[in-house]
Amino acid sequence: MKESQHTMFEHSEVKVRLLNLYIKKYLNILSRSQAFDRVQLFDLFCGEGVYANGGEGSPIIFLKAIKDVYFRNQNEGQKTIKVDCIFNDYKLEKTEKVKSIIEERKLHYSFLGDLRFKNIDYVQALPLVVRQISIVKNSKSFVFIDPYGYSEVRASQIHSILETKKAEVLLFLPTQHMFRFEKRGTPTALHSFIEDIVPREKWPNSHTGIDFIENLKTAFRDFLENEYYVDSFIITRDKNQFFCLFFFTSHIYGFEKMLDAKWEIDQEEGRGWSYKDPDLPTLFSPSASYRVNKLEVFLLSFLKEPRTNAEIYVATLHQGFRPTHAVEVLKAFATQNKIIVTSNDGKKVRKNSYYINYRDFCERSDRISIQLI
């Protein structure tokens, strides 16, 4: 067994921190929606729940988040929602350990939802998960895949989950190991993984671990086409050792909420996390103006022709930024007399009102148009 499977290192803590931030946002939104009665959370490599050094794994993170959201909503008189958890690991001793910890810490009650444990091989479990997601009415699902490697993981599996239009996926990949093997004669496992996404001859060369992640994210996006949203969160364990979480969803609001979670952890770039060693260079060479400068450059090109508030909202998210970042840049452009804002509905546009948000995206997608002067 690898040491990382029984000892929680700092980079693993960041992985579950992002999971915790997002799942709380996810449950908060769904519990307030009248369209859903139930949420299903699938953890397909759940492990033992708690590491030997006391670190809490994904099953514990899930259950704590469920309790927190349920009791807060109950105290505030808000709607509560049932959340079913399906914890799977092909090793029985691991799920038994999780079960005993849950009972010992009183982390679950029947009124919160169902709690089920499975011991099924990942490849065999996938079609069962897809079927379960599909048949449960008025529900949404979240699938966490944190494998003990990557040999069995395929993009086509992710696609089958997304095709239900009822689920989101968070996938962890040991991209540093994948990149290292790419440079040493591609092994069968990596060859099969890549061939599932793109013809091998079309796979670009990766000069660094970061390049490999960006190439993989682009390949995922091309494979899934414009119907789905794909994002990444890079985790650095040591100098030049990059691992990555990939997020997949068919819903733009879920995409926005994951970006929110990323920016809460990485307030400079919203891109990733690295161990802060004063003797090592910073991961992405950030500067205080990174956020503004990168988005400014994009919008200076994007706004050469008129763009609606909805188009700017979508484009901003695809660039990895939050709507508030776009508003910040647009306000600066307005101060510098660089843009003209035109009302498309005949109503007067208030100063510094750009309607770059999900609600206006749904209800008033073309309320205004913005263009460089």
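The values are calculated or read from the model by the stated rules, or taken from the named source; none is laboratory data. Just so it is clear, the model here is predicted, and its values are computed rather than measured. Please note: Cβ atoms are built from the backbone with ideal geometry, for glycine as well, and neighbour counts cover all protein chains shown. Heads up: the accessible areas ignore ligands, DNA and RNA and are worked out on the full protein's heavy atoms, side chains in. Shrake-Rupley method; radii C 1.70, N 1.55, O 1.52, S 1.80 Å.
In whole Å, what are the extents of segment 101-195 along the principal axes defined by its C-alpha atoms, from largest to smallest?
Here the spans come out as 53, 34, 19 Å, largest first.
Shape verdict for segment 180-259, please, from the Cα gyration tensor: rounded (a/c under 1.5), prolate (a/b greater than b/c) or oblate.
oblate
Based solely on its DSSP helices, what 222 nm [θ] is calculated for the chain when runs of n ≥ 4 H residues each add -39,500 (n - 2.57) and the sum is averaged over all residues, nearest 500 deg cm²/dmol?
On the way: 13 runs with 164 residues, N = 373.
Dividing the helical sum by the residues of the chain leaves -14000 deg cm²/dmol.
Contact order normalised by length for the chain, with contacts defined as Cα pairs under 8 Å and 6 or more residues apart; what percent is it?
12 percent
Could you sort Cys46, Cys362 by their accessible area in this structure, using a 1.4 Å probe and putting the largest first?
Descending accessible area places them as Cys362, Cys46.
Glu152: accessible area at probe 1.4 Å, nearest 10 Å²?
Near enough 70 Å² of accessible area.
Hey, any idea what % of the chain's accessible area is carbon plus sulfur with a 1.4 Å probe?
So the carbon and sulfur contribution to the accessible surface is 47 percent.
Can you give me the angle between helix 309-318 and the longest principal axis of the chain, using Cα atoms only, in degrees from 0 to 90, rounded to the nearest 10?
On a 0 to 90 degree scale, this one is about 40.
Quick check: the angle from helix 10-31's long axis to the longest principal axis of the chain, C-alpha only, nearest 10 degrees?
Between helix and principal axis, roughly 70 degrees.
Hey, quick one: spin label on Arg72, modelled 7 Å out along Cα-Cβ, who in segment 112-129 has an amide N within reach, i.e. under 18 Å?
Residues 112 qualify, since their backbone N sits under 18 Å from the label point.
Near Lys338, which lysines are there with a Cα under 27 Å away, not counting those fewer than 8 places off in the same chain?
List returned: Lys294, Lys304, Lys347, Lys348, Lys351.
Which of Pro323, Pro187, Pro147 ends up with the largest GNM mean-square fluctuation for the chain, with Cα atoms connected below 10 Å?
So, out of Pro323, Pro187, Pro147, the one fluctuating most is Pro187.
Could you give the accessible area per residue of the chain, probe 1.4 Å, as a whole number in Å²?
47 Å²
Among Tyr22, Tyr109, Tyr148, which one moves the most in a GNM of the chain with springs linking Cα atoms closer than 10 Å?
Of the options given, Tyr109 has the highest mean-square fluctuation.
Provide Lys67, Lys165 ordered by accessible surface of protein heavy atoms (probe 1.4 Å), highest first.
If we order Lys67, Lys165 from most to least accessible, we get Lys165, Lys67.
Only Cα pairs within less than 10 Å get springs; with that Gaussian network setup on the chain, which residue of Ile339, Ile23, Ile145 has the largest fluctuation?
Ile339
Sticking with the crude label model, points 7 Å out along Cα→Cβ, report the distance from Leu92 to Glu152 in nm, one decimal please.
1.7 nm
Considering only protein heavy atoms, with the full assembly of protein chains and a 1.4 angstrom probe, order His191, His108 by accessible area, largest first.
Descending accessible area places them as His191, His108.
Tell me the accessible surface of Arg32 in square angstrom (1.4 angstrom probe, heavy atoms of protein chains only), to the nearest ten.
100 Å²
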